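Scroll down for the structure; my scribbles are underneath it.
We did not get these values from a lab; they are worked out from the coordinates using the rules stated. Note that the coordinates shown come from a computational prediction; the quantities given were computed from them, not determined experimentally. Cβ: placed from backbone, ideal geometry, glycine included. Neighbour counts: every protein chain shown.
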Amino acid sequence: MSDETENRDMLICRCEEVTLGEILDAIDDGFVTVKDVKRATRAGMGLCQGRSCSRTIARIISQRTGKPLDEVLPKSYRYPVRPEKMSAALSEESEDESDS
Amino acid sequence: MKRVQREIVVIGSGPAGLCAAIEAAQAGAGVLLLDENAKPGGQLFKQIHKFFGSADHRAGVRGLDIGVQLLKQAEDLNIEVWLNSEACGIFDQNSVWVVRDKQHSITVEAQRIIIATGAVENSINFPGWTLPGVMGAGAAQTMINVNRVLPGHRVLMVGSGNVGVIVSYQLLQAGAQVVAIVEAAPTLGGYGVHTAKVRRAGVPFYASHTVKEARGTDHVKSAVLVNLDSNWQPIDGSEFEVEVDTICIATGLTPAVELAFGSGCTPVNSPALGGLVPVHDAGMKSSNESIYVAGDVCGVEEASTAMEEGRIAGLCAAHSLSYLDEAAFSRRFEQLQHNVNALRSGMFGQRRREAKESIVSSYGVHR
Amino acid sequence: MNRIVDHPILGPLADAEVVHIIVDGVALTARKGEMIAAALIANGKNTFRRTVKRDEPRGIYCGIGRCTDCVMTVNGIPNVRTCVTEVAEGMVIETQLGSGEWQ
């Protein structure tokens, strides 16, 4: 958006309710990757795991630091790419295979 | 973890995934089709408008009818489908970790994997954007066309691209009033046909405008719009307020690349097609020999191109497992190439075609 | 009126079995096969939860089960995505406050 400093109180991460101001502060403190901003502010750590805010955060970092957007957008992802309970990760289906 | 073996695993049952599965099955391969949702079809079933293209592309057929046809084809071919099944990771380019029903894990050892995970809607931010009533254009489209419920009665559409104008038209068909369509750019972005229909229905377009703020306490009650100058900066004093109970955001899509990049597929930047996408060759093969990609995940276009890319991926994946003799393969491959190129013609298609050509030509460099 | 009773492309709304649900203690009716979020919006309810920090209202946002803004507590289970979960007879649905609690 246009003048970022005006809307510091506006939320960027809907799930964890992290504001634009908190993200800008983190960037100014040297957290200049999406992953680092996540660690510093919790943005992207909520229930949707960054689906709604990651790209926006990348754009904000790009605008704030001048780095091209494609260099800030994440290129690697860790598994699982969906939030899962530990029990689901460890639990197996029963021996008879079932489809659908 | 329990392990099963399959020849080809297709991840995502939207238009690309469905067509990939069907094409591969028709070639004789064994196919497992996965989808994280309770129902297959991706975003196809909310597309109640008629698609463009030639007769080959079922032009004049509505998205939802194509969806029904594809599902029937998949059923007739006895394609194995796992719904409520999330592909959480791909290991060593062949092992797919799947969590079923959010409860059980299973590993599928696949000879070939086709990633067709689509794209997600972008958001824009303005004070009040988290209020109930502010939603993605896709959310409104699902509500009206699939659930047959109006999310609101006075709608502001943000974004004049194809999604913006198509969903605006569908909101009108559903009985809502579209109070305005705002577009930050100085020119409108959608197909002429849809834009004209919406204009004729009396919906005002405001180019070089954006939303400054959404107002309301428990729900959107109004939106403040502001004029942008030639540097896309808001012009002080140009604000005006419109009464709306719904704001739909139609500001583009971003490929859902987590699985593709997580598994090591090399990214390439394609701004015209939504940003970072997995690089692929003309046969839709990624930088990994056993992983193919198709549809919006490797470039945001349309359902019709997704279908053709899916077919190409399915065909090539199956052929790489020795299905189809050379002659049959070549014939079909050429036909599908011709089809997908035909979809990327004209004023709008040109840009997409160039972007795709750039991705394919960088394949050798980026591997 | 929030239900689209007739539509130029989709035609008239077909009859459907009535499903009874209880939303924040109030008995409402829904249509069999529809998503909880749709049933609620059809009944005029647009706020599904309130956030932890700011106690702000949230409704549907992405509509396809990805953003988790629409979550409510359903039959005692919190964080149920109402836009992709079907209604069921006798379902107890509550506006979720914060991150919800298992009942």
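Taking the helices alone, chain B has a mean residue ellipticity at 222 nm of -10000 deg cm²/dmol, built from -39,500 (n - 2.57) per DSSP H run of at least 4 residues and averaged over all its residues.
Cβ under 9 Å from residue A:16's Cβ, residue A:16 left aside: what net charge do those residues give with Lys, Arg +1 and Asp, Glu -1? Residues close to residue A:16 contribute a combined charge of +2. Quotient of the Cα radius of gyration of the stretch A:4-90 and 2.2 N^0.38 Å, N being its number of residues: 1.11. Compute the angle between helix B:162-173 and the longest alpha-carbon principal axis of chain B, please, reported from 0 to 90 degrees and rounded to the nearest 10. Helix B:162-173 and the main axis of chain B meet at about 70 degrees. Remark: chain B carries a charge dipole of roughly 580 debye about the Cα centre, counting +1 on each Lys and Arg Cβ and -1 on each Asp and Glu Cβ. Taking B:123, B:222, B:238 in turn, the Gaussian network model of chain B (Cα-Cα springs below 10 Å) assigns the largest fluctuation to B:238.
Take the Cβ atoms of residue B:76 and residue C:27, set R0 to 51 Å, and the FRET efficiency comes out at 0.70. Helical runs assigned H by DSSP (4 residues or longer) give chain C a calculated mean residue ellipticity at 222 nm of -1500 deg cm²/dmol, each run adding -39500 (n - 2.57) before division by the residue total.
The Stokes-Einstein estimate for the stretch B:1-126, based on a Kirkwood radius over Cα pairs and taken at 4 °C with 1.567 mPa s viscosity, is a diffusion coefficient of 84 µm²/s. The modelled label-to-label distance between residue A:77 and residue B:338, using points 7 Å beyond Cα along the C-beta direction, is 3.6 nm. For the stretch B:219-292 and the stretch B:345-367, write down the distance between their C-alpha centroids in whole Å. Result: 18 Å between the Cα centres.
Of the beta bridges in chain C, as assigned by DSSP with both residues counted there, near 75 percent are antiparallel.
Backbone amide hydrogens, once placed in the peptide plane, bring residue C:91 within less than 5 Å of C:22, excluding anything fewer than 5 places away on its chain. Taking C:14, C:42, C:27 as the candidate residues, the one with maximal mean-square fluctuation in a Gaussian network model of chain C, Cα springs under 10 Å, is C:14.
Expressed to the nearest 5 percent, the antiparallel share of DSSP beta bridges inside chain B is 50 percent. Using only the Cα atoms of the stretch B:253-367, build the gyration tensor, take square roots of its eigenvalues as a ≥ b ≥ c, and label the shape rounded, prolate or oblate: rounded if a/c is under 1.5, else prolate if a/b is larger than b/c, else oblate. Oblate is the answer for the stretch B:253-367, as a/c is 1.5 or above yet b/c matches or exceeds a/b.
On a 0 to 90° scale, report how tilted helix B:326-343 is relative to the longest principal axis of chain B, with both axes built from alpha carbons and the result rounded to the nearest 10. With both axes taken from Cα atoms, the answer is about 10 degrees. The alpha carbon gyration tensor of the protein assembly as shown gives principal lengths a ≥ b ≥ c with a/c below 1.5, which makes the shape rounded. If you look at the Cα atoms of chain B, you get an Rg and a Dmax of 21.3, 69 Å.
Projected onto their three principal axes, the Cα atoms of chain C cover extents of 44, 26, 21 Å, largest first. With θ taken as phi - 60° and the Karplus curve 6.51 cos²θ - 1.76 cosθ + 1.60 applied, the whole-hertz 3J(HN,Hα) list for the stretch B:229-245 is 7, 5, 9, 6, 9, x, 8, 4, x, 9, 5, 8, 10, 10, 7, 9, 10 Hz, x standing for glycine and proline. When each of the peptides B:307-314, B:207-214 is scored by how many other beta carbons lie within 10 Å of its residues on average, the order from highest to lowest is B:307-314, B:207-214.
Each of C:87, C:60, C:74 was placed along the dipole of the stretch C:2-103 (beta-carbon charges, centred on the mean Cα), and the one lying farthest toward the positive end is C:60.
Apply the a/c threshold of 1.5 to the C-alpha gyration tensor of the stretch B:123-249 and tell me whether it is rounded, prolate or oblate. Note, shape of the stretch B:123-249 comes out oblate. Charges on Cβ only, +1 for Lys and Arg, -1 for Asp and Glu, centred on the Cα centroid of the stretch A:4-90; of A:24, A:56, A:73, which one is farthest towards the dipole's positive end? Farthest towards the positive pole: A:73. Ranking B:88, B:67, B:143 by how far each Cα lies toward the positive end of the dipole of the stretch B:38-158 (charges on Cβ) leaves B:143 at the top.
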